[in-house]
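Asks: Below: one structure in structure tokens.
Only the coordinates and a few stated rules stand behind these numbers; no lab work does. Since the structure is predicted, the reported quantities are computational estimates derived from the model, not experimental observations. Ideal geometry is used to build each Cβ from the backbone, glycine not excepted, and the neighbour counts take in all protein chains shown.
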Ligand SMILES: [Fe+2]
């Protein structure tokens, strides 16, 4: 027999799908919704409002991905897990129909091989049987050795999802370098606000060219708060689907859903 709260969530999902004129929900694999552990949400009440904002857009599953950035945000699985559990409980209490799992957004660092070997980093889920790692480059440049790192990760059965390549200044100036990175078999996540102009005209133009040439694999929010970095996935979906509906379904739903369907394997 279906539990009454499960039934309520299912009804909500049906309403949301019809509200947004899509035959599927959106899945967000990149967010800074966990309170107080990075530069994202500042409080539990803010996190709950961010979750409600996501639900309004039609998002049904969000992966919490706080920064792991040595010297700035020294998170690891043990610091993320309790905060994640608190938010998960709060959403149940507040009856917000958003499923949460967690991973992390890991800044490129020479410590990554050690962290992977010691199982210190939470993964997002699996994709084509590989464990998925959300990997962040510096915004200023493409770090020397990143191709070697990607190859090493793949050899350890870890698939890097490169976060927001469209915001990297070296790739903006020399877009052909993204083609080089794509040859490594890593996959690439575009940030929703980039196509809507939140990061300026250059980033917007580059993002739109990446959508048109299908050089990105996933779109996610990278939401940090309710106002300056809100969840832009709804507007971004409208843009991408106006270019190619099947591609929009793939990057907002099919690929993310494959990752989250195995997110409790770890
Ligand atoms: Fe992020």
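Asks: Test of understanding: in a Gaussian network model of the chain with alpha carbons linked when under 10 Å, which of 157, 225, 128 would top the mean-square fluctuation ranking?
Replies: Maximum fluctuation in the GNM of the chain, among the listed residues, is at 128.
Asks: Just report the Cα centroid separation between the stretch 132-161 and the stretch 32-93, whole Å.
Replies: Centre-to-centre (Cα) distance: 24 Å.
Asks: With N residues in the stretch 80-234, what two-decimal value do you get for its Cα radius of gyration over 2.2 N^0.38 Å?
Replies: This ratio for the stretch 80-234 stands at 1.10.
Asks: Using a Gaussian network model of the chain whose springs link C-alpha atoms within less than 10 Å, name the residue from 119, 25, 75 with the highest mean-square fluctuation.
Replies: Result: 119 has the largest fluctuation of those listed.
Asks: When the helix-only estimate is applied to the chain (DSSP H runs of n ≥ 4, each -39,500 (n - 2.57), divided by the residue count), what is the mean residue ellipticity at 222 nm, nearest 500 deg cm²/dmol?
Replies: So the helix-based figure for the chain works out to -12500 deg cm²/dmol.
Asks: I need the per residue convex hull volume for the chain, using only the alpha carbons, in cubic angstrom as a whole number.
Replies: It comes to 126 Å³ per residue, whole-number rounded.
Asks: Let me ask another. Hey, how many Å between the Cα centroid of the stretch 173-209 and the Cα centroid of the stretch 226-266?
Replies: Here the answer is 15 Å between Cα centres.
Asks: Grab the Cα-Cα distance for residue 214 and residue 118, subtract it from 0.36 nm times how many residues apart they are, and report the gain in nm with one decimal.
Replies: Taking 0.36 nm per residue and subtracting the Cα distance, the gain is 31.0 nm.
Asks: Take every DSSP beta bridge whose two residues both sit in the chain, then give the antiparallel share in percent to the nearest 5.
Replies: 10 percent
Asks: Need one word for the stretch 65-113: rounded, prolate or oblate. Basis is the Cα gyration tensor (sqrt eigenvalues a ≥ b ≥ c); a/c below 1.5 gives rounded, then a/b vs b/c decides.
Replies: prolate
Asks: With label points built 7 Å along Cα→Cβ from the Cα atoms of residue 154 and residue 169, find their separation and express it in nm.
Replies: Reported label-point gap for residue 154 and residue 169 is 2.9 nm.
Asks: Tell me, 141, 67 in order of fewest to most beta-carbon neighbours within 10 Å?
Replies: 141, 67
Asks: Please arrange 115, 152, 176 by counting, for each residue, the other beta carbons lying within 10 Å of its beta carbon, fewest first.
Replies: Ranked by crowding around the Cβ, least crowded first: 176, 152, 115.
Asks: Test of understanding: what is the full-extension gain from residue 43 to residue 226, defined as 0.36 nm times their sequence separation minus their Cα-Cα distance?
Replies: 64.7 nm
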